[in-house]
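To keep things clear, I will list the structure first and then write my remarks on it.
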Amino acid sequence: MQSEDDEDLVTIQDLTGKTITNIYILFGMEDGWLDTAECFLEIEKEIIIEIPTGTTGNTWIKELDPKAESIFKDLSDIPVYHVNKEQ
């Protein structure tokens, strides 16, 4: 990881093989009409990153905004299917 302007960069290669443990979304509005959304990935329950964009091979480690919401708030009504379940 590198540090730049008090924010940390992580390479996509460093993230390969890591587990995404949560996904957060932050909704907003600009100029009273333009809907916006930012999406963040929680990796290994340790770091929060922005979804990588572009072709630089890097992404920023971020502090999660307290207004960001998990997209997995309540999964109780979603059925679970087991593939190749042993009987």
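The values are calculated or read from the model by the stated rules, or taken from the named source; none is laboratory data. Quantities reported herein were computed from a predicted structural model and do not represent experimental measurements. Using ideal geometry, Cβ is built from the backbone for each residue, glycine included, and neighbour counts are taken over all protein chains shown.
Checking Asp35 against (1) closer than 26 Å to Gln13 by Cα; (2) modelled with pLDDT of 85 or more; (3) not aromatic (Phe, Trp, Tyr), which test does it fail?
All conditions are met except number (1).
Could you please find all residues in the range 29-59 being at positive phi and in contact with a helix residue (DSSP H, G or I) (Cβ under 8 Å, 6 or more places away or on another chain)?
Gly57
I need the full set of residues from the range 19-74 which are part of a loop (DSSP other than H, G, I, E, B) and either among the hydrophobic types (A, V, I, L, M, F, W, C) or touching a residue at least 40 places away in the same chain (Cβ under 8 Å) (or both), in order please.
Scanning the range 19-74 gives Trp33, Ile51, Pro52, Gly57, Leu64, Lys67, Ala68, Ile71, Phe72.
Given the conditions (1) assigned to a loop (DSSP other than H, G, I, E, B); (2) modelled with pLDDT under 80, report the number of the one that Ser3 does not fulfil.
If we test Ser3 against (1) assigned to a loop (DSSP other than H, G, I, E, B); (2) modelled with pLDDT under 80, just (1) comes out false.
Only one of these is of a type in the set (Gly, Ala, Ser) and over 11 Å from the mean Cα position of the chain (by Cα): Ala37, Ala68. Name it.
Ala37
Among the residues of the range 61-84, are any modelled with pLDDT of 85 or more, surrounded by 11 or more Cβ atoms within 10 Å (Cβ to Cβ) and of a type in the set (Gly, Ala, Ser)?
Looking for residues that are modelled with pLDDT of 85 or more, surrounded by 11 or more Cβ atoms within 10 Å (Cβ to Cβ) and of a type in the set (Gly, Ala, Ser), one finds at least one in the range 61-84, hence yes.
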